[in-house]
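Before any comments, here is the structure.
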Amino acid sequence: MDLLRAYSDQNDDELNGPEEQNQNPKSAPSSPDASPPRLLPAKSAAPNVDDTMLALTVAGANRSSTRPIDPTQHIVGFNPTYEQLWAPIYGPSHPYAKDGIAQGMRNHKLGFVEDASIEPFVFDEQYNTFHKYGYAADPSASAGYNYVGDFEALHKNDAVSVYNIPQHEQKKRKIEKRKELEENEGGDEDMDPEEVQNPASDVWLMKNKKSPWAGKKEGLPTELTEEQKKYAEEYAKKKGEEKGAGDKGEAVAEKTTFHGKEERDYQGRSWIAPPRDAKASNDHCYIPKRLVHTWSGHTKGVSAIRFFPKYGHLILSAGMDTKVKIWDVFNTGKCMRTYMGHSKAVRDICFSNDGSRFLTASYDKNIKYWDTETGQVISTFSTGKVPYVVKLNPDEDKQNVLLAGMSDKKIVQWDMNEGKINQEYDQHLGAVNTITFVDNNRRFVTSSDDKSLRVWEFGIPVVIKYISEPHMHSMPSISLHPNSNWLAAQSMDNQILIYSTREKFQLNKKKRFAGHVVAGYACQVNFSPDGRFVMSGDGEGRCWFWDWKTCKVFRTLKCHEGVCIGAAWHPLEQSKVATCGWDGLIKYWFCIPGTYWFTAIVPREMGCMWLRRILLRPTSLPPQKPPMAALLTPATLQNPISSPFLKPSPPSLTPLASSHRRLLSTAASCSPPRPLVSVDETSFDSALISSALWSAGGERSGITNRSSKVLLKGMRYDELEKWVQSHGYRPGQALMLWKRIYGNGIWAHHSDQLEGLNKDFKKMLSESAEFKALALKQVITAADGTRKVHGFISLCPLRFQILFTLEDGLVIETVVIPSFASDSRSRNTVCVSSQVGCAMNCQFCYTGRMGLRRNLTAAEIVEQAVFARSLFTSEVGDITNVVFMGMGEPLQNIDNVLKAADIMLHDQGLYFSPRKVTVSTSGLVPQMRRFLKESNCALAVSLNATTDEVRNWIMPINRKYKLDLLLQTLREELRFKSNYKVLFEYVMLAGINDSIEDAKRLADLVQGIPCKINLLSFNPHSGSQFRPTSEEKMVEFRNLLAELGCRVFLRSSRGDDQMAACGQLGNPDVVQAPLLRVPEQFKMAVEVSA
């Protein structure tokens, strides 16, 4: 209506013309000297309103110039312009029309809000003017001079804005300006014409002043007084001395002390000469366990250690006590020489390739090049800045090239022969921490406090690769993998990141080593010589070892009191590691390779199987290892004397492998196991898999009285922490125990497997705690698609079925579904049970025929996932997904299911992703509401029918919770969960729920629910009255759903030959749940199935 009124008011203005408007005194400012009001430009930001749609009789002459396209006409009788083609439709429309303005173009509850292009300053001016004076310019006005608001205040204030200068202030300024002009004109007579023309003179400044401050100087400064001159000279002299001192480091007299017996032996060989018989004894590295030597001599902390290149018979240490020491490793184990030439702590050290010389970098801003044998300083280098890292070019012909990362963000390159700087690499934004040569020493990588990595071509000061991400932290230590393909970077966010040294230098997201605490400390990261282990110290004095392939913690050693800043692997003796810390000590660690326990199955007199402990020792290695397939034959297992692995022992080993399944059983009548045989160390790959399988199930069978012990796997982490504290131990012991139960590749099933824990703590655990909730009864491998691989375990299956015996003698089943995809999306899934049997009595499910025996505890649920990882990780890879789709209705046991899910998701344990843990339900609505509110895990709903009549029959739970209630509950709850999709499972039964009408109804039912649909084929079992839908019909069903906008997948059956597929788990007794009456319209389909 405002627009219509504007049309009627516009005629008068147009007739009067601009002359009459100019004659109106109210439209002009009250004073000619007043500042003109700040108004919007005449160009309107709102679109022009076409009046053709309103009234054709009023349009008149305007119709030809601004004629829009009538959307009701199909023929255009003229050539429309671009603006006419794309002009919006304006004017009133029917309020209930679906395509009218009121419905289609309404974007606000009061109507249609248009965007206007207004400068920020103009908008702020009008906004503040409106709130102060009550009026403002109308941005949608056609002429730009229309206002909205209080018109009385508009005329009273002469339409000024808050940014206009008031009239009295304008008058005041004009009077002052007039006075200044009069003064300047009066003084022109006394001015020198030359000075007036000279811009450097004060007269010119007074005549041509540009600001209020120009020309107001009292005069040019006079000459300095004698006192001022003296002070200026002293100040300049002092600054010059400081500048000269900054160019060089602190000068300190160098001296050295030799602590050995003699510098040369009777043959004239130097004390630094490597032993002639030193060579690598084995290519295989072992994790050290035992402290064998401690070097003490530094009065303050040790900042870095380096083994003598290639041989490692000496070790060099840099101390915070300004001294550098070199120690004997092979013979006496004493300090051989001390190098003193720095006035502050030594930051970094670096050997030359042959070890005859080395570099030191200190906080006294000096870099010194030492002779290792004599202790003399060959050269000293300094830029006046602190060197944080020094490195020699590894090429033999470039051993005279020194690179140093400085505190002034530069990498400086010296030619030590000439003593000159021949290159500077200046791109970092913070102090440079590391320099690492890659790509056959043609390039080098640097890290800095600016949280970035930069790759340089050697000799060219241009960055060829710049790596900086928002998530990156400073990386004070970088180490090169022995194969030269990877870089390990110690990140300040308590993790070690791996980067490729190829052209792109990409981050390897699959490899991440964490668990240690290094934030704030430049702890050195290093590799074992064979590249199998990653090693690093931490801020709590421990040394951590990770497995390179699995990225899991292999072992931790408590090495120092305080920070363990450095760790180095011996280059020849692969089982020895040296560590240094801020306690001033250097420690040497050693391992007797191969001392760990195995488990084997030994038959007893009563014909039942028991497990025996086998100790591996490196006592008699065979000269040449025969193939495992030849070693693990029935003959060698029956006769341990003939096996090259086993020493003579009275019992014999019985093979348990068959062509189609693997079986492991235990009997409760046997006595406990005891150590039996000792096995020599060798490549026991297949036996490793077998022993892991055996040890998982044979520790306890039958019923054990655990009334006095606590079951550890039934606790959340906070509960375990409180329980450990109640026994007088630190909370940190609880974390270490948690990791050994669920992580680190240990999955401990008894206290003997808890390596690295306090002996008293382990003793308390053996007396007060129970680790196992299940006993392994049987492992069955499905035969479809299997193939022979090697060793004792010969099959590479598509699906494993595991049978567990509970404490009360009941049996549950768990299924492991491996994926053999080679890409990164491959996933291995474990399907866990939550109940013994099921009370839902779904007519197509074999488990439902059992009825409900009892609920599983949280420990019994979690143990299934632990067993799956411990048994099959080495064979099929890591278990990445968990689905609660085994025996039972999970939400009927919701308390234990939620607790088990929390344990599985803990980041220091099994560490499953919440979206990769899926809980299935048949439709218990109250429990489903609780699950969606308390858990972030995925939800799967077994739908299986599109009408209440069919679902009442095949899923009796529908008689209590109808389809409408189930789906409406999902719509309500999923509104509060972002990026969350529910999974609908639909088992297709031939002639029951697989029609085209069912597909259309299914698409309508899930409308408005963020979801995915899985179409499952029915898996027959004994006594079933259904048959599976044909593959062609399932594809047709899937395609129709996809056309209707659903996200749908076809899931193939796996493991159905061993009753391990969906709906086939369980073993009903003679007493079974009843079959329900078949509806009349489906009797024909059931009879055909029978």
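Yes or no, residue by residue, for (1) of a type in the set (A, V, I, L, M, F, W, C); (2) crowded, with 16+ Cβ neighbours inside 10 Å; (3) closer than 16 Å to SER352 by Cβ:
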| site | (1), (2), (3) |
| --- | --- |
| PHE381 | yes, yes, yes |
| MET406 | yes, yes, no |
| ARG443 | no, yes, no |
| ARG454 | no, yes, no |
| TYR466 | no, no, no |
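Scanning segment 724-742 for residues that are under 16 Å from GLU755 (Cβ atoms) and either touching a Phe, Trp or Tyr at 6+ places or on another chain (Cβ under 9 Å) or hydroxyl-bearing (Ser, Thr, Tyr) (or both) yields GLN733, LEU735, MET736, LEU737, TRP738, ARG740, ILE741, TYR742.
May I ask you to list the residues in segment 937-952 that are free of Cβ contacts under 8 Å to residues at least 40 places away in the same chain and in a helix (DSSP H, G or I)? Give the steps one after another, and end with the answer.
Taking segment 937-952 as the starting set, the residues that turn out to be free of Cβ contacts under 8 Å to residues at least 40 places away in the same chain are 937, 948, 951-952.
Selection gives ASP948, ARG951, ASN952.
Here THR873 fulfils each of the conditions (1) closer than 30 Å to LEU737 by Cα; (2) at pLDDT 90 or above apart from (2). When ILE817 is tested against the conditions (1) touching a helix residue (DSSP H, G or I) at 6+ places or on another chain (Cβ under 7 Å); (2) more than 23 Å from ILE957 (Cα to Cα), the lone failure is (1). Of everything in segment 862-875 that is more than 22 Å from LEU983 (Cβ to Cβ) and aliphatic (A, V, I, L, M), the residue that is surrounded by the fewest Cβ atoms within 10 Å (Cβ to Cβ) is LEU871. Within segment 1026-1071, can you find the residues that are under 18 Å from PHE884 (Cα atoms), part of a loop (DSSP other than H, G, I, E, B) and not hydroxyl-bearing (Ser, Thr, Tyr)? Answer for segment 1026-1071, where residues must be under 18 Å from PHE884 (Cα atoms), part of a loop (DSSP other than H, G, I, E, B) and not hydroxyl-bearing (Ser, Thr, Tyr): ARG1054, GLY1055, MET1059, ALA1060, ALA1061, CYS1062, GLY1063, GLN1064, LEU1065, GLY1066.
Meeting the requirement of 2 or more residues that are modelled with pLDDT under 50 and over 23 Å from LEU497 (Cα atoms), the strands (runs of 3 or more DSSP E) wholly within segment 525-631 are 596-603, 609-617. Exactly one residue out of SER768, SER833 is modelled with pLDDT of 75 or more, touching a strand residue (DSSP E or B) at 6+ places or on another chain (Cβ under 9 Å) and closer than 30 Å to ARG959 by Cα: that is SER833.
Can you say whether GLU889 is acidic (Asp, Glu) and either closer than 23 Å to GLU985 by Cα or more than 31 Å from the chain's Cα centre (by Cα) (or both), as far as the supplied structure shows? So GLU889 passes the test.
Cβ-Cβ under 8 Å, sequence separation 6+ or interchain: first residue in segment 1071-1085 and modelled with pLDDT of 80 or more, partner polar (S, T, N, Q) and surrounded by 13 or more Cβ atoms within 10 Å (Cβ to Cβ). Which pairs? Matching pairs, first to second residue: LEU1075/GLN843; LEU1075/GLN1025; LEU1076/ASN841; LEU1076/GLN843; VAL1078/GLN1025. Looking only at segment 399-412, count how many residues are free of Cβ contacts under 8 Å to residues at least 24 places away in the same chain and closer than 17 Å to ARG443 by Cβ. Counting residues in segment 399-412 that are free of Cβ contacts under 8 Å to residues at least 24 places away in the same chain and closer than 17 Å to ARG443 by Cβ gives 1. For segment 910-929, which positions are assigned to a loop (DSSP other than H, G, I, E, B) and buried (at least 19 other Cβ atoms within 10 Å of the Cβ)? Hits for segment 910-929 are LEU910, PHE912, SER922, GLY923, LEU924.
Is it true that GLU934 is surrounded by fewer than 22 Cβ atoms within 10 Å (Cβ to Cβ), more than 22 Å from ALA999 (Cβ to Cβ), touching a Leu at 6+ places or on another chain (Cβ under 8 Å) and in contact (Cβ under 8 Å) with a residue 40 or more places away in the chain? For GLU934, the condition - surrounded by fewer than 22 Cβ atoms within 10 Å (Cβ to Cβ), more than 22 Å from ALA999 (Cβ to Cβ), touching a Leu at 6+ places or on another chain (Cβ under 8 Å) and in contact (Cβ under 8 Å) with a residue 40 or more places away in the chain - is not met.
The residues of segment 876-896 that are surrounded by fewer than 20 Cβ atoms within 10 Å (Cβ to Cβ) and not small (Gly, Ala, Ser), listed by number, are VAL876, ASP878, THR880, ASN881, GLN892, ASP895.
Each row is one residue, and each column tells you yes or no for (1) free of Cβ contacts under 8 Å to residues at least 60 places away in the same chain; (2) part of a helix (DSSP H, G or I).
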| residue | (1), (2) |
| --- | --- |
| GLN968 | yes, yes |
| GLU972 | yes, yes |
| SER978 | yes, no |
| VAL987 | no, no |
| ASN993 | yes, no |
| ILE1009 | yes, no |
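The values are calculated or read from the model by the stated rules, or taken from the named source; none is laboratory data. Since the structure is predicted, the reported quantities are computational estimates derived from the model, not experimental observations. All Cβ positions, glycine included, derive from the backbone under ideal geometry; neighbour counts span all protein chains shown.
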